[in-house]
């Protein structure tokens, strides 16, 4: 796929996602916030906060960043890969209607990647270097081996794609899932000839038939979407309104007469 098409389609998907993120502010969706009452005294002193409003601001920033991370993963997975690069998302509906994808060995396969020669490749998409732990790596090895042995007519190539980072920065779990033991024996099967791991630039190039600049085209589409949405200006009031809404909710019940916070009262609000 050429640059102009990638940039425009990524921009379109990202503009939609930005609108989704902004709608959560407009709706004051504070009920989705999760405050750890045991950590609040530590956060307050560790970050040298001066008052409860500053604590609320820090908690909101963490909450919004967590939402951005999760939402951006879905943007890549559910929008950009299918709409820009023609991947077939193996969601519940697709799997139920297409044998043999309903079987559990395909649980960690996220997309089918069709190629011009008529063949397909299977993609298991990961966000970053820490996404896979040891237990999952061993299970992926087992599932991938089952796919390759029992369903060779589907595909003889499985890719684990990490959309940011680089190959050198990946943990050993990405080698273990290919059946490469590094030290301890993890009871895995060597499937490295048919299971590959690509991270960062290499992932985006693999996805787009070897176009090495694909990651820059994706970023350009995101940049143009951000500029088009004029986020900085449009979100100032939304962020402030969201912060005030949360501060009011807790200020009235947690603050003592001297302006300090009653952490035990916050604990009772959340845990009882």
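Which of the residues belonging to segment 43-85 are in a helix (DSSP H, G or I), farther than 18 Å from residue 16 by Cα and either touching a helix residue (DSSP H, G or I) at 6+ places or on another chain (Cβ under 7 Å) or in contact (Cβ under 8 Å) with a residue 60 or more places away in the chain (or both)?
Answer for segment 43-85, where residues must be in a helix (DSSP H, G or I), farther than 18 Å from residue 16 by Cα and either touching a helix residue (DSSP H, G or I) at 6+ places or on another chain (Cβ under 7 Å) or in contact (Cβ under 8 Å) with a residue 60 or more places away in the chain (or both): 43, 44, 52, 53, 55, 56, 57, 58, 59, 60.
Considering only segment 186-208, state which residues are in a strand (DSSP E or B) and buried (at least 17 other Cβ atoms within 10 Å of the Cβ).
Narrowing segment 186-208 to residues in a strand (DSSP E or B): 195-199.
195, 197, 198, 199, listed by residue number.
Tally the residues that are more than 16 Å from residue 162 (Cβ to Cβ) and either touching a residue at least 40 places away in the same chain (Cβ under 8 Å) or in contact with a strand residue (DSSP E or B) (Cβ under 7 Å, 6 or more places away or on another chain) (or both), restricting the search to segment 86-109.
We begin by selecting, within segment 86-109, every residue more than 16 Å from residue 162 (Cβ to Cβ); these are 86, 88-107.
Restricting the remaining residues to those that are either touching a residue at least 40 places away in the same chain (Cβ under 8 Å) or in contact with a strand residue (DSSP E or B) (Cβ under 7 Å, 6 or more places away or on another chain) (or both) gives 86, 88-90, 94, 100, 105-106.
Total satisfying the criteria: 8.
Give just the number: which of (1) within 21 Å of residue 113 (Cβ to Cβ); (2) surrounded by 14 or more Cβ atoms within 10 Å (Cβ to Cβ) does residue 251 not satisfy?
(1)
Bear in mind these aren't lab numbers, they're just calculated from the coordinates by the rules spelled out. What you see is a predicted model; the values in this text were computed from it and never measured. FYI the Cβ positions are ideal-geometry reconstructions off the backbone, even for glycines, and counts take in every protein chain you see.
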